[in-house]
Amino acid sequence: MGCHYDHLAVDWLPDSCIDKELVIEFDASGPGVNGSWPYFDVGNGTEVGGLPGFVPINGTDIDDFAKAGRWYFATREWHILHCMFTWRKQFRARFDAANVEAWNNNEEHIQHCSEYIMRTMRWGLSKDIVDTQILGVDRHPREGKK
């Protein structure tokens, strides 16, 4: 359908819904080499402290995970920056007539992000915790698709 995987929105979107400049900035805002973000797979199913044993994956592999509809994981820091960059995207869309994907462009998502950031601050949680599950699925129902 001509959509591309947007690493910021974590969704398949048409070009009209992608703020390419912002996505490039987001992709270069991580703690890794050249601002890359760490991403993880659940690995072989082993658990560490009751949580899945995460295995690092290459950031370029997330496109393949998305194509296959596979879930992958990111850090708390990634999640917080996703929220902040999504707010910037919403603000910028007001001035350039760009579309913002419906699942990110609503008060429920803003409330989720606000509460997530406040919990992190209040509880002094580490930004390196892998606690963000990213759904590698298509969020856009098509007509006739069930």
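The values are calculated or read from the model by the stated rules, or taken from the named source; none is laboratory data. Owing to the predicted nature of the structure, the values given are computational and were not obtained by experimental measurement. When we count neighbours, we look across all protein chains shown, and the Cβ atoms used for this are built from the backbone with ideal geometry, even at glycine.
For the stretch 40-50, filtered to residues that are surrounded by 11 or more Cβ atoms within 10 Å (Cβ to Cβ) and farther than 10 Å from Val130 by Cα, the residue that is modelled with the lowest pLDDT is Gly43. When the residues of the stretch 58-82 are filtered to those that are surrounded by fewer than 17 Cβ atoms within 10 Å (Cβ to Cβ) and hydrophobic (A, V, I, L, M, F, W, C), the one that is farthest from Lys127 (Cα to Cα) is Ala68. Scanning the stretch 67-91 for residues that are within 18 Å of Cys113 (Cα to Cα), part of a helix (DSSP H, G or I) and not aromatic (Phe, Trp, Tyr) yields a total of 12.
Within the stretch 54-74, residues that are at negative phi sit with their Cβ atoms under 7 Å from residues that are part of a helix (DSSP H, G or I), at 6+ positions apart or across chains, in these pairs: Tyr72/Ile62; Tyr72/Phe65.
Only one entry in Ile110, Ile129 is in contact (Cβ under 8 Å) with a residue 40 or more places away in the chain and not polar (S, T, N, Q), namely Ile129.
All of (1) in a helix (DSSP H, G or I); (2) at pLDDT below 85 hold for Val23 with one exception: (2). Within the stretch 27-42, the set of residues being closer than 11 Å to His7 by Cβ and either assigned to a helix (DSSP H, G or I) or aromatic (Phe, Trp, Tyr) (or both) comprises Asp27, Trp37, Tyr39.
Kindly indicate whether Lys145 is within 24 Å of Pro14 (Cα to Cα), assigned to a helix (DSSP H, G or I) and either at pLDDT below 90 or not hydrophobic (A, V, I, L, M, F, W, C) (or both). In short, no. Put simply, of Cys17, Cys3 the only residue that is surrounded by 19 or more Cβ atoms within 10 Å (Cβ to Cβ) and over 19 Å from Thr132 (Cα atoms) is Cys17.
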